[in-house]
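Peer 1: First the structure, then my questions, so here it is.
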């Protein structure tokens, strides 16, 4: 499997495309992290509410435990403190729930922000890149064999544009059917050129 073409212009184009894709992914990941951070700021009021409610509940519970020690009337005096402590705990729970909702929202929005650009890479660019690597690897492994060149020539006849084939001569298909070595080599070279490969395997 080949990573890059042997022809310099094609290899440079592939390299620049790969770099652009890496930068694209990096920027969108940064954008997703930014969205996550911005949404997480909405959790700050909930955090403060939870902290304040929890602190108040603790203080009221401590005060209630001290009042409860008062002889005779302690049981009656502690009820308001316990009620207020329960209310403060409810406020703290509401703040905690708000934090959880904001956390879930931040995660969902981050995934949505990343899903489309990363899907373009995974389902458009990557399959094309892997297909080229596979085809170029096979072509480079068979180009030195007569049977391999014949396969490359057949591939060129099946996939190359008609104007490209016509440049090789009006009877190029008939020459290939007749086993003309020059026609086979010309067609094989045309297919190798399309893949960014050279006949000899050397870069140029």
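Peer 1: Hey, what angle do you get for helix 146-159 against the long axis of the chain, alpha-carbon based, 0 to 90 degrees rounded to 10?
Peer 2: In the chain, helix 146-159 runs at an angle near 70 degrees to the longest axis.
Peer 1: I've got another one for you. Among 159-167, 105-113, 185-193, 91-99, what's the highest-first ranking by average C-beta atoms within 10 angstrom per residue?
Peer 2: Answer by packing, highest mean first, reads 185-193, 91-99, 105-113, 159-167.
Peer 1: How high is the FRET efficiency between residue 126 and residue 33 when r is their beta carbon distance and R₀ equals 22 Å, given to the nearest 0.05?
Peer 2: Working: r = 22 Å, r/R0 = 1.02.
Rounded to the nearest 0.05, the efficiency is 0.45.
Peer 1: Using alpha carbons only, what's the Rg to Rh ratio of region 143-204 with Rh from Kirkwood?
Peer 2: In region 143-204, Rg relative to Rh is 0.95.
Peer 1: Would you compute, for the Cα atoms of the chain, the largest minus smallest coordinate along each principal axis and list the three values in descending order, in whole Å?
Peer 2: 117, 26, 24
Peer 1: If you build the convex hull over the alpha carbons only and average its shadow over all orientations, what do you get for region 1-65? Give it in nm² to one decimal.
Peer 2: 7.7 nm²
Peer 1: Tell me, in nm to one decimal, what length is gained between residue 41 and residue 96 on full extension, where the rule is 0.36 nm per residue of separation less the Cα-Cα distance? Mind showing how you got there, number by number?
Peer 2: On the way: separation 55, 0.36 × 55 = 19.80 nm, distance 1.41 nm.
Stretched fully, the residue 41-residue 96 segment lengthens by 18.4 nm.
Peer 1: First measure r as the distance between the Cβ atoms of residue 115 and residue 174, then evaluate 1/(1 + (r/R0)^6) with R0 = 41 Å and state the FRET efficiency to the nearest 0.05. Each step should come with its number before you reach the end.
Peer 2: Values: r = 52 Å, r/R0 = 1.28.
Working from the Cβ atoms, E equals 0.20.
Peer 1: For the chain, what is the calculated [θ] at 222 nm in deg cm²/dmol (nearest 500), taking -39500 (n - 2.57) for each run of four or more DSSP H residues and dividing by its residue count?
Peer 2: It comes out at -27000 deg cm²/dmol, rounded to the nearest 500.
Since every read-out is calculated from the coordinates, none of them should be taken as a lab result. This one's a predicted model, so the numbers in the text were calculated from it and none came from an experiment. All Cβ positions, even for glycine, are placed from backbone atoms using ideal geometry, and neighbour counts span all protein chains on display.
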